[in-house]
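We did not get these values from a lab; they are worked out from the coordinates using the rules stated. Predicted, not measured: the structure shown is a model, and the values here were computed from it. Positions of Cβ are backbone-derived with ideal geometry, glycine not excepted, and every protein chain shown enters the neighbour counts.
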Amino acid sequence: MSQSIPEQFFEKLRSHQLDESDHLKLTEWFKSASEAEIDQVLDEYSRYFQDHSDDQYPEDSRLISLIESRIDEAENLFPEIGQYERQTTPFPFIKSVSIAATLLIGVCLFYYFYKEKKQPGASDQIARATKIVPGGNKATLTLSNGNIITLDSAHNGMLANQSNVQIIKKKNGQLVYDASAINRTGNEVAYNTITTPRGGQYQVQLPDGSNVWLNAESSLKFPAHFTGVRREVMLTGEGYFEVAKDKAHPFAVEINNTEVEVLGTHFNIMGYKDEAATATTLLEGSVKIKKGNREQMIVPGQQAKVNQDITIANVNVNEAVEWKNGNFNFSHEKLEGIMRKIARWYDVDVAYEGKVTNATFVGTIPRSEQISEVLKYLELTGLVHFKISERRITAMP
């Protein structure tokens with residue numbers, strides 16, 4: 001009888017003969033295996049380390065320490081983990097961390113340990129990135145008269161007055177449009193644009209009370225106050241919307257020749273020009289997606305992707321808004337997609353050298369981390385290494 005993929009993996013694990021293909025096969029197996037099968041493999045993996053003493057396998061002892069430190073970091077990222085008691089195994093596989101994240105902590109760290117001996121310069125290269133800091137609240141506001149306000153350095157309080165609408169910067173950095181003093185139909189419309197650079201994000205409250213969070217390298221064009229039947233805005237890049245309910249005045253977002261129409265709801269739109277599709281992910285309410293003569297409705301828990309057509313899929317909606325909550329979330333994502341996110345947030349350029357891995361990555365990393373830490377997390381898989389030159393990151397096998 002032929003061996004299963006986990007059996008093949010553990011045979012090579014015991015003889016210290018793992019290579020990249022073994023790692024990739026097990027990663028793929030985890031994606032389709034049942035929960036019971038996964039539990040069995042993780043238990044066996046844990047027992048393997050428990051059964052080896054420091055004297056017999058000093059390398060394994062070092063690896064256990066690495067895994068324990070990553071478990072501690074995971075507990076900081078997932079506070080609910082603290083309610084579980086640690087078992088007698090060298091490191092518990094805790095249910096509240098996803099199976100894929102567990103794989104990253106366990107199998108990938110094992111692979112990294114042996115890969116590390118072959119790539120002694122990798123950590124030194126990443127250390128050079130310490131001057132590249134995470135993004136923050138940075139944006140400019142362009143008023144209808146052409147005046148530009150740099151929001152991150154502007155004072156708190158009222159910044160401008162547009163058609164009797166007060167534009168106010170709050171202490172928490174939020175930009176608020178107070179249109180309480182005007183009549184919806186009685187004033188000329190003045191359009192404003194808020195723009196975030198690479199390495200920037202910002203939150204704005206629109207004159208109807210809707211709240212919008214802009215991700216890095218994005219912009220939102222909107223009227224200083226809404227008039228007429230529809231509330232219309234134009235987005236580039238990525239934004240998370242919490243739309244104020246107003247059945248008489250539907251809210252519409254235009255992006256990449258696509259329109260997203262809602263009455264009042266929570267949703268995320270990602271439509272960067274360098275991405276293959278525009279993705280609208282719905283958390284609450286309902287929205288209608290329009291592209292040319294095609295229309296599709298989506299409900300909470302669904303994502304609509306638009307390129308030449310509109311495709312609908314059920315997704316974990318929380319993954320789409322992790323950026324707004326301060327995290328990178330990689331959910332079976334290829335390296336190129338991850339590096340585009342890193343480039344936007346840390347304002348760096350990315351290049352590739354050699355054949356880029358086709359594997360997918362899974363994990364959640366705080367966006368407040370230094371870029372060196374984010375790259376280290378990726379290197380832990382053993383599938384990619386990086387070298388740094390000024391603000392240019394080169395990914396290598």
Distance from region 189-215 to region 314-354 (C-alpha centre basis), Å: 21 Å
Placed amide H near residue 160: partners under 5 Å, 5+ positions off or other chain: 167
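Magnitude of the Cβ-charge dipole of region 219-273, K/R +1 and D/E -1, about the Cα centre, nearest 20 debye? Working shown, then result.
Values: 6 positive and 7 negative charges, 19 e Å.
Computed about the Cα centre, the dipole is about 100 debye.
Residue 284 to residue 168: extension gain in nm, 0.36 nm per residue of separation minus the Cα-Cα distance? Display every interim value, and only then the final one.
Details: separation 116, 0.36 × 116 = 41.76 nm, distance 2.81 nm.
Full-extension gain reported as 38.9 nm.
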Inter-part distance where region 364-395 and region 254-269 are each reduced to a Cα centre, Å: 33 Å
Size of electric dipole in region 326-396: Cβ of Lys, Arg +1 and of Asp, Glu -1, about Cα centre, debye, nearest 20: 100 debye
Karplus (6.51, -1.76, 1.60) ³J(HN,Hα), θ = phi - 60°, over region 290-298, in Hz, Gly and Pro reported as x: 10, 9, x, 9, 9, 9, 9, 9, 10
